[in-house]
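Below is one structure, written out as structure tokens; the observations come after it.
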Amino acid sequence: MFPGAIMMALLFSISSLAMLIWEDLQSGVLTRLSASSRGLSAYFLGQQWAVLAIFSGVVLLLTVLGGLYFGLPVQQWPLLIIGLVISGFVMWQILLSLVLLMPTQRSANIVVNAAIFPILMLGGSFFPMEALPDWLAQIGLYFPNCYFLQAIKDALFNQNNYLMTAGLIAAGTIVLFWLINRALLNRLTRRNNA
């Protein structure tokens, strides 16, 4: 339950962090940046570094507090921190694609919130997978946060190490969605400038 609670905090921050692009679009920041040679590339890279820094801070704080409260051995903290930051970053990339696909800020906000709540409920963040009925747990296995949380829990508590596989899947997903999001960001600014 402990890693799932931290993932839940990350998922709530993902919705507001993903919506920042729409706020920058509405305020004219993206329009000005699209006129420069490397403006959008630098902006998008900066957004990613900011998300990683925010997630690192949130996960570090919650891991220290939860680790002390639940008595998690300190040597397991780095694995938990790295796994959750990478998992949160993957989830942000995926949900950012949804945000960038929407035609308006309002529809983007509705879609991202509509996506986050099933992910929270069925993916092992709000309720542990062990507490869900079997048929719901089977559905939850298809959510990315469930996959990453299960890999982290198995590495921490069951000594099964699926982290290499999960890490490769995370890296592939990050690269894939980085390319998709970069193209969608260009499309969004072109559509807004037209």
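Just the protein heavy atoms count here, and of the accessible area of the chain at 1.4 Å, carbon and sulfur take up 70 percent. The value of relative contact order for the chain, using C-alpha pairs under 8 Å at least six residues apart, is 30 percent. In the elastic network of the chain, a GNM with C-alpha springs shorter than 10 Å, the most mobile of F12, F157, F89 is F157. Our helix-only sum for the chain, with -39,500 (n - 2.57) per DSSP H run of n ≥ 4 divided by its residues, gives a mean residue ellipticity at 222 nm of -27000 deg cm²/dmol.
The label-point distance for E130 and S27, in a model that sets each label 7 Å from Cα toward Cβ, rounds to 4.5 nm. Fully extending the segment from A35 to R182, taken as 0.36 nm per residue of separation minus the present Cα-Cα distance, adds 51.3 nm.
A simple charge model with +1 on the Cβ of Lys and Arg, -1 on the Cβ of Asp and Glu and nothing else charged puts the dipole of the chain at about 760 debye relative to its Cα centre. Contact order for the stretch 45-120, expressed relative to its length and based on alpha carbon pairs under 8 Å spaced 6+ residues apart, stands at 24 percent.
Long hydrophobic helices in the chain, taken as whole DSSP H segments with a C-alpha length of 20 Å or more on their own axis and mean Kyte-Doolittle hydropathy at least 0.5: 2-26, 39-70, 77-101, 105-122, 163-193.
The values are calculated or read from the model by the stated rules, or taken from the named source; none is laboratory data. In this text the structure is predicted, and so the values were computed from the model without any measurement. When we count neighbours, we look across all protein chains shown, and the Cβ atoms used for this are built from the backbone with ideal geometry, even at glycine. The protein model used for the area step is the full one, side chains on, heavy atoms only, and it has no ligands, DNA or RNA in it. Shrake-Rupley method; radii C 1.70, N 1.55, O 1.52, S 1.80 Å.
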